[in-house]
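The structure appears below as structure tokens.
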Amino acid sequence: MGSFSERALFACVLFMPGLAHAAGVDDVRRELEQVSMSLAELEQRILIPQLLESSHRLTTRLNDGQLLYLMKDYDRAAMLLLDVVDNPKNRAHPAYRDAVYYLAESLYELRNFRPAQSYFVEVSSIGNLEQKRQAVARLLEIALETRDAASAQLYLAKAGELALASPEPALFYAIAKYHYRTGDYAEALLLFDRVPEAHALGRQALYFGAVALVRLNKLSEAGERFGRSMGTEESIADSKDQTQAEIGALSRLALARLFYEQGRFKEAVEAYETLPKDSKSFDKAISESVWISIKEQNFEAAVRKLEILLIAQPSVLRGPDARLLQGRLLTMLGRHDESTLAFQEVLYEFGPIQGEMRTTVQAHPGGLDGHFNDVIGKNLSAFDLNTFLPAKAAEFAGTNAEADRALVLVSDLGQQGRDLKDARTTIERLDVALKAPNRLEIFPHLHDGALRAYEARARLTEARALLDNVAGAALGRDAEYAKVRAARLAAAARYGQAPHTVQAFKNRDKRVDTQIRDLDREAFVLSVEIRGLEAQLAAVSKFVSDVAEDKGGSGREPVVYAQVQRELDQARDLRIEYERLTQALELARITVGINDAASAEDEKLRITYAEALAAEERLLAARGQAIASPERQRISELDARAVDISNRVTGIADEKILDFGRLVEREKQNVASFGDELVGYQGETESMGGKIAARNFMAIYDRINAVVLEADVGIVDIAWKQKQDQTQLIAKTRSRQRDEVETIESKIKEATP
């Protein structure tokens, strides 16, 4: 926008007309040249690339989506590609089938099988040969994952047809996995053998083929194949593909187990010890290696290995079996203090959990189904382990409880409910952002272009004022001109308070954002206070209830409960008001910026100032003081150019927003459809929630009882072992004493004449 001295000069000319002659028309020409260069740079840097992107939008988004897929950023890849695939205008584009293929693959990697299946079906019709083969293989895998037997048979037949027409390792692998999972190991083995070891799926095929040989009781062949599938230790360490590395680790684990079953303990231990420490199977390998040492009755070695495992599993709640085994081994070695400590550590963690769960069981002698139905209610969106288990019991249950299919089903429904709620909130925010007056800010480059066009217009307005100052200087003390000029200067002063530069606009937005953040912070403090109030009221209610239970009621408890309930209702109303306030703040944050209320006021000030300049120019012309015509004409041309750039930038943004709006509208319909479907499923599963929770609660309670019982038995065994050792020691001492007495008596007899 010109050098600092030039900008300062223009500011002085604008608000100190006595300097108009010093500035002169030459300064205006230089300013106009700079504005022209700025507008040309805007067109080159922002408009042209955006127009090119618009004309090649599908290809650009496909490339971006494919790149994100290759980077394993499947969420963002799916979002980009979904926008391409769901637009009917793109179906005729040559790259459309690639977009569908990578969208299906991204959804598959996210384990979002239902939509992935529909897109793979489309790929199987419109894709190239390689894509069709991959699509059918994926469809077969999805059918197996979702236990859809009918679809599995359909895609098995299609895969067989494709494999016959065009043999492809990935298809053989998919068909082999089907036979493997259905228990036809002989057929699976034949198909796994048709996948070359050098293929990307070669190591997986070797591994599953080896497992199939184990199932067929061909252990020697299985061992040889496990040896090939595990690779070298260096190849596992260097592998950038986590799946390949883990297959290698699983192969080593399987080979070690094979050696163990064959009684080749030394080789088994060596295989266990070669597993990388960062492998998911490392803890399992150490644990199984411990049992080899136990079988060899090398208890010291077993304890040392267990210590390695316990370092890797510091949480007692996650690994009680290892500590119980450690206690038993230390007892066998006579290290009673250490073994007692191991058992007591287990009791210290599990005793309180057992007591808490026992209290719940005893409080509901008729069964826990009704209790958990009340706890969970109809709010399945909050259903997970922590809903019905103490926190530490949920930690102990871990993946074992989470793997229960019924629990997974209800938990998934709960998660889907939460996801739908989040989706509705996100769609609402997107809707507001897309319809907001400042929607241009969604696109940073376009937003920057609009601001720079506005800045150029402000500079042209200043240049126009400078020309008026130069022309009006010759009128001297003309009273009518002085009045018009004063009106123009007053308008200039008001306009001067508005931001004219890109940085000034951004600074104002930043100040507003800071104010909103401050309000948000204050609102959060209020939220914490509301939570504290709710906690205090709950504590008061429980205290009154506990006192009444322990010492008998005073008769005033209902009054206290009623007062607590009234205050809880007030706290609930406060929380609703807080949520409304935070939503309003969020919406305010979204709508701040260009074209907002403040920007509209800025534009009014600019128009008023422009009208004042026009009035002044009309009077100057009437007085015969012609404004420098070429420069004035240039200002008009450049202003029109700036307006055109601004309109084109806004047009590009509106076109993008229209596309986004269609996508958001489709997602609204999808969310509404999913919501209706979810309501149907929830109706079927609401009555199941309590039963599932009760069943899992009791199963975990029984497991915890078994852990506590084993620890208790371990401590009793230690006491018994110590007593037995002491008894044996006493018996040995008495036997030695008897021998010594008998020896003395015999010597006395020998000495007696």
Restricting segment 61-80 to residues that are over 19 Å from the mean Cα position of the chain (by Cα) and among the aliphatic types (A, V, I, L, M), the one most open to solvent (accessible area, probe 1.4 Å) turns out to be Leu67
Report whether or not Asp83 is closer than 23 Å to Arg666 by Cα and either out of contact with any Lys or Arg (no Cβ under 8 Å at 6 or more places or on another chain) or surrounded by 13 or more Cβ atoms within 10 Å (Cβ to Cβ) (or both).
-> yes
For segment 86-126, the count of residues that are of a type outside the set (D, E, K, R), part of a helix (DSSP H, G or I) and either open to solvent by 50 Å² or more (accessible area, probe 1.4 Å) or within 24 Å of Lys668 (Cβ to Cβ) (or both) equals 17
Scanning segment 551-570 for residues that are at pLDDT below 80 and closer than 17 Å to Glu529 by Cβ gives Leu568
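Here's the yes/no breakdown for (1) in a helix (DSSP H, G or I); (2) modelled with pLDDT of 75 or more:
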residue: Ser229; (1), (2): yes, yes
residue: Glu234; (1), (2): yes, no
residue: Ser251; (1), (2): yes, yes
residue: Ala256; (1), (2): yes, yes
residue: Phe259; (1), (2): yes, yes
residue: Glu267; (1), (2): yes, yes
residue: Ser279; (1), (2): no, no
residue: Asp283; (1), (2): yes, no
Taking segment 245-262 and the residues there that are in contact (Cβ under 8 Å) with a residue 40 or more places away in the chain and of a type in the set (A, V, I, L, M), the one that is most open to solvent (accessible area, probe 1.4 Å) would be Leu250
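Results for (1) at pLDDT 80 or above; (2) open to solvent by less than 50 Å² (accessible area, probe 1.4 Å); (3) under 15 Å from Ser599 (Cβ atoms); (4) in a helix (DSSP H, G or I), shown as yes or no for each residue.
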{"position": "Glu441", "(1), (2), (3), (4)": "no, no, yes, yes"}
{"position": "Glu455", "(1), (2), (3), (4)": "yes, yes, yes, yes"}
{"position": "Arg464", "(1), (2), (3), (4)": "yes, yes, no, yes"}
{"position": "Ala473", "(1), (2), (3), (4)": "no, yes, no, yes"}
{"position": "Arg477", "(1), (2), (3), (4)": "no, no, no, no"}
{"position": "Glu480", "(1), (2), (3), (4)": "yes, no, no, yes"}
{"position": "Ala491", "(1), (2), (3), (4)": "yes, yes, no, yes"}
Exception for Gly319 within (1) crowded, with 21+ Cβ neighbours inside 10 Å; (2) under 21 Å from Leu709 (Cα atoms) falls at (1)
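In segment 630-651, how many residues are open to solvent by 20 Å² or more (accessible area, probe 1.4 Å) and either among the basic types (Lys, Arg) or touching a residue at least 60 places away in the same chain (Cβ under 8 Å) (or both)?
The qualifying residues number 8.
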In segment 271-311, anything within 31 Å of the chain's Cα centre (by Cα) and open to solvent by 40 Å² or more (accessible area, probe 1.4 Å) is listed as Lys277, Asp278, Lys280, Asp283, Lys284, Ile311
Does Arg111 meet the test of being among the basic types (Lys, Arg), at positive phi and modelled with pLDDT under 85? yes
Over segment 487-511, the set of residues within 22 Å of Val25 (Cα to Cα) and free of Cβ contacts under 8 Å to residues at least 40 places away in the same chain is none
Being under 25 Å from Glu168 (Cα atoms) and in contact with a Pro (Cβ under 6 Å, 6 or more places away or on another chain) is the requirement here; does Leu107 meet it?
yes
Ser411 fails exactly one of (1) modelled with pLDDT under 75; (2) surrounded by fewer than 16 Cβ atoms within 10 Å (Cβ to Cβ), namely (2)
In segment 144-161, anything over 33 Å from the mean Cα position of the chain (by Cα) and open to solvent by 40 Å² or more (accessible area, probe 1.4 Å) is listed as Ala150, Gln153, Leu154, Ala157, Lys158, Glu161
Tyr701 fails exactly one of (1) within 30 Å of Leu368 (Cβ to Cβ); (2) modelled with pLDDT under 80, namely (2)
Scanning segment 347-372 for residues that are touching a Gly at 6+ places or on another chain (Cβ under 7 Å) and not charged (D, E, K, R), the one modelled with the lowest pLDDT turns out to be Phe372
Flagged pairs (Cβ under 8 angstrom, 6 or more apart or on separate chains; first in segment 660-677, closer than 17 Å to Met79 by Cα; second open to solvent by 60 Å² or more (accessible area, probe 1.4 Å) and among the polar types (S, T, N, Q)) are none
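Is at least one residue of segment 594-615 among the basic types (Lys, Arg) and at pLDDT 80 or above?
Yes, that holds for at least one residue.
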Expected single match for at pLDDT 75 or above, of a type in the set (S, T, N, Q) and at positive phi among Gln344, Gln297 is Gln297
Flagged in segment 191-205 as farther than 13 Å from Ala176 by Cβ and free of Cβ contacts under 8 Å to residues at least 40 places away in the same chain, in numbering order, are Pro196, Glu197, Ala198, Ala200
Being buried (at least 19 other Cβ atoms within 10 Å of the Cβ), out of contact with any Ser or Thr (no Cβ under 6 Å at 6 or more places or on another chain) and part of a helix (DSSP H, G or I) narrows Tyr207, Tyr180 down to just Tyr180
Problem - Flag if Asp448 is assigned to a helix (DSSP H, G or I) and either free of Cβ contacts under 8 Å to residues at least 60 places away in the same chain or within 30 Å of Gln44 (Cα to Cα) (or both) - result: yes
**Asked** Is there a residue in segment 463-485 that is within 53 Å of the chain's Cα centre (by Cα) and closer than 20 Å to Met37 by Cβ?
**Response** yes
Legend entry - Glu522 vs. criteria loosely packed, with under 15 Cβ neighbours inside 10 Å and in contact (Cβ under 8 Å) with a residue 40 or more places away in the chain: no
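The values are calculated or read from the model by the stated rules, or taken from the named source; none is laboratory data. Keep in mind that this is a model prediction, so the values were computed, not measured. With ideal geometry, Cβ positions are generated from the backbone for all residues, glycine too; neighbour counts draw on all protein chains shown. Note: accessible area is taken over every heavy atom of the protein model, side chains too, but ligands, DNA and RNA are not part of it. Shrake-Rupley method; radii C 1.70, N 1.55, O 1.52, S 1.80 Å.
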